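The values are calculated or read from the model by the stated rules, or taken from the named source; none is laboratory data. Small disclaimer: the values here were computed from a predicted structure and weren't measured. Cβ placement follows ideal geometry from the backbone for every residue including glycine, while neighbour counts extend to all protein chains displayed. Note: areas computed on protein heavy atoms with side chains; ligands, DNA, RNA excluded. Shrake-Rupley method; radii C 1.70, N 1.55, O 1.52, S 1.80 Å.
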Amino acid sequence: AGYDIWVPRSYEHAKAIWDDTNINSNFKKLVGVYREQDGAHSEAITYAMNSDDSGAVAAGWRSVAGSPWFLREAEASGYYTEPDGGTSAGNYQAGSWITITGWDDTLGFQFDDAPILPGQSPEQCFTDYLCSRVSLHAFSVTQESGDSLISKQDGVLPSFTYMATQDAVVHFVDDSIRSLSARLVHGAAPAPASYVNGLPVVASVARCGWEKPVWTLGGVADFGNVGAAAVKVRTLGADEVDNSAYYYPLSDLSNAGQELAVPDCDEDTLSRDDMVGTLFVTDASGTQSTEDIMLRGCRA
């Protein structure tokens, strides 16, 4: 694949590196943007510094990784002081990398095309460099279900064909949010089992091991908002009904000094206040209301 001195590909890429405190600030002072012309530049500096600006390209600016590359957005005034090639014919040497001097949230990098050479002050030498891939990783994605790349088809899992120019690990991220609830029903013509309270119901995602137990109230288990991953919902299996982890909220389970027994729903010591709490809800108009929530579960 090949790597070289790093090249910012966009404003977003440049800002991410500039803001990253885990990267040594000295590594951010050089970028692989250059041109093959010595000395002071004869043309007027009326161009932004990125590969989308025809003036910069015509002036010979390029990057070691090809296009796209980015240093600076266009200034509204159209006037710039850099790159100017320095004050003497020997100040800029063909092929020298640009020196970064700061950051402007509106435009991008502040820079100087006069290189820091041996003998100059301050002289900067590097044995370690921030590098990036020389060539962009080209790929294409087609969706094999649904109507288009941005559509979803209810009841059909999206599938993709990924074609790349090089070996790669690819992660597709769906950051959409949906609400999830489960209702217990009974009878040949299913009717809500509204008399079932406190029964643990578990939502889980097999691929990452995530699971969340909630407890029915009026036959309904409300999980709130969940991500876009495929979620399975189940009641407890025979090997789970005696596991206290399914009957208490995480705040109770995280208390290492507390031994938690599995409560039976018909225990005489249990009261409604032990099991049911009040949630205050404010709607978009500012009106506040209350609704009951289960605080924990019990074994039927």
Inset, instruction - Select, from Gly78, Gly55, the only residue that is out of contact with any Gly (no Cβ under 9 Å at 6 or more places or on another chain) and at positive phi. - result: Gly78
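The rows are residues; the columns are (1) among the hydroxyl-bearing types (Ser, Thr, Tyr); (2) touching an Asp or Glu at 6+ places or on another chain (Cβ under 8 Å).
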| residue | (1), (2) |
| --- | --- |
| Ser251 | yes, no |
| Leu260 | no, yes |
| Asp266 | no, no |
| Thr290 | yes, no |
Inset, instruction - Could you pull out the residue among Asp175, Asp222 that is out of contact with any His (no Cβ under 7 Å at 6 or more places or on another chain), open to solvent by 40 Å² or more (accessible area, probe 1.4 Å) and either of a type in the set (A, V, I, L, M) or at pLDDT below 70 (or both)? - result: Asp175
Inset, instruction - Look at segment 246-273 and say how many of its residues are at pLDDT 85 or above, over 19 Å from Val220 (Cβ atoms) and surrounded by 14 or more Cβ atoms within 10 Å (Cβ to Cβ). - result: 3
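Only one residue in Ala44, Ala14, Ala56 is within 18 Å of Tyr79 (Cα to Cα) and assigned to a helix (DSSP H, G or I), so which one is that? Give the steps one after another, and end with the answer.
Details: Ala44 fails: assigned to a helix (DSSP H, G or I); Ala14 fails: within 18 Å of Tyr79 (Cα to Cα).
From the options Ala44, Ala14, Ala56, the qualifying one is Ala56.
Does Gly198 satisfy the criteria of being surrounded by 14 or more Cβ atoms within 10 Å (Cβ to Cβ), within 16 Å of Val262 (Cβ to Cβ), of a type in the set (Gly, Ala, Ser) and touching a residue at least 12 places away in the same chain (Cβ under 8 Å)? First the steps, then the outcome.
On the way: surrounded by 14 or more Cβ atoms within 10 Å (Cβ to Cβ): yes; within 16 Å of Val262 (Cβ to Cβ): yes; of a type in the set (Gly, Ala, Ser): yes; touching a residue at least 12 places away in the same chain (Cβ under 8 Å): yes.
The answer is yes for Gly198.
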Inset, instruction - Could you grab the pairs with beta carbons closer than 9 Å, sequence gap of 6+ or different chains, first residue in segment 57-78 and in contact (Cβ under 8 Å) with a residue 60 or more places away in the chain, second one open to solvent by 50 Å² or more (accessible area, probe 1.4 Å) and basic (Lys, Arg)? - result: Ala65/Arg133; Trp69/Arg62
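May I ask you to verify whether Gly198 is modelled with pLDDT of 90 or more and over 35 Å from the mean Cα position of the chain (by Cα)? Step through it out loud before you land on a result.
Details: modelled with pLDDT of 90 or more: yes; over 35 Å from the mean Cα position of the chain (by Cα): yes.
It is true that Gly198 is modelled with pLDDT of 90 or more and over 35 Å from the mean Cα position of the chain (by Cα).
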Inset, instruction - Of all residues in segment 33-52, count the ones that are open to solvent by less than 20 Å² (accessible area, probe 1.4 Å), within 18 Å of Gly95 (Cα to Cα) and at pLDDT below 90. - result: 2
Inset, instruction - Can you work out which of the residues in segment 15-32 that are farther than 16 Å from Arg62 by Cα and among the small types (Gly, Ala, Ser) is most open to solvent (accessible area, probe 1.4 Å)? - result: Ser25
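Given the structure, is Leu236 of a type outside the set (Lys, Arg) and closer than 18 Å to Asp264 by Cβ? Before the answer, list the steps.
Values: of a type outside the set (Lys, Arg): yes; closer than 18 Å to Asp264 by Cβ: yes.
Considered against the rule, which asks whether it is of a type outside the set (Lys, Arg) and closer than 18 Å to Asp264 by Cβ, Leu236 comes out as yes.
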